[in-house]
Amino acid sequence: MRQRGVRNTLYWAAFGYLKPNRFCIFAKDLARVDRVPLAPVATYEMWDAERVARWRRGRTGLPPELFQDAIDGARTCAVAQVDGEIAGFIWLYRTAEASRLFDLGDGEAELNYGAVLQPYRRHGLFRGVLLSASWWLADRGYHTVYASVHSSNGPSLRAFEAAGFRRVGMVSHFGLYRPKYRATSAA
């Protein structure tokens, strides 16, 4: 509510709980990670939650997705920076961290709650964030990374496909019905 206000918060609560929502499930085999060039307009880094929190201080109008460390305890964020400012990001979730849709096993991770801020869209930054997060996980011995994307989010669907993720399923949510996708079944 602090970020979006009462009206928008009520709208998104209704969107999330009063209508069926379908999510495309993506997977990427990290044993076959190609190191392709990233969008040169940005630099890509992995930040811990404390660094993200320090960057947020004093800034207003940030998307709620940038607060996943405070919301559900995410600890690592892949970041695209342009001129020292976060331009795009996505949070990494591992076995010990809460996952909204996945039942993660050893060597598996999830990418979730990502965005590219409005002034930086249409430059390939989200693909770069997804690739840099995948490379970071592969370098640490992870074998599979998963993601869920709302089926109506065309730009994110295209970015995941451009980053080498493949669609492996669909999950529907309605009201309090929130099934966990068995990640190991898609590996």
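The values are calculated or read from the model by the stated rules, or taken from the named source; none is laboratory data. It should be emphasised that the depicted structure is a prediction, and the values quoted were computed from it without experimental measurement. Using ideal geometry, Cβ is built from the backbone for each residue, glycine included, and neighbour counts are taken over all protein chains shown.
Odds and ends about this structure:
- Picking from residues in region 12-28 that are over 17 Å from the mean Cα position of the chain (by Cα) and either surrounded by 14 or more Cβ atoms within 10 Å (Cβ to Cβ) or assigned to a helix (DSSP H, G or I) (or both), the one that is modelled with the lowest pLDDT is W12.
- Exactly one residue out of T76, T9, T60, T95 is touching a Leu at 6+ places or on another chain (Cβ under 6 Å), modelled with pLDDT under 95, more than 22 Å from R158 (Cα to Cα) and of a type in the set (S, T, N, Q), and it is T95.
- Unmet criterion (only one of (1) touching a Gly at 6+ places or on another chain (Cβ under 9 Å); (2) farther than 28 Å from E108 by Cβ) for R32: (2)
- Residue within region 129-139 that is farther than 17 Å from Y44 by Cβ and either surrounded by fewer than 21 Cβ atoms within 10 Å (Cβ to Cβ) or not hydrophobic (A, V, I, L, M, F, W, C) (or both) present: no
- Of the residues making up region 100-125, those that are without any contact (Cβ under 8 Å) to a residue 40 or more places away in the chain and surrounded by fewer than 21 Cβ atoms within 10 Å (Cβ to Cβ) number 6.
- Residues (at pLDDT 95 or above and polar (S, T, N, Q)) located in region 154-176: S156
- Candidate set: region 32-57, residues that are under 20 Å from A159 (Cα atoms) and of a type in the set (A, V, I, L, M, F, W, C); chosen: the one surrounded by the most Cβ atoms within 10 Å (Cβ to Cβ): A42
- Those strands (runs of 3 or more DSSP E) lying entirely in region 64-146 with at least 3 residues more than 23 Å from F23 (Cβ to Cβ): 76-82, 85-93
- The residue that is nearest to S151 (Cα to Cα), counting only those in region 29-63 that are in a helix (DSSP H, G or I) and of a type in the set (A, V, I, L, M, F, W, C), is L30.
- Scanning region 56-70 for residues that are polar (S, T, N, Q) and out of contact with any strand residue (DSSP E or B) (no Cβ under 9 Å at 6 or more places or on another chain) yields one hit, T60.
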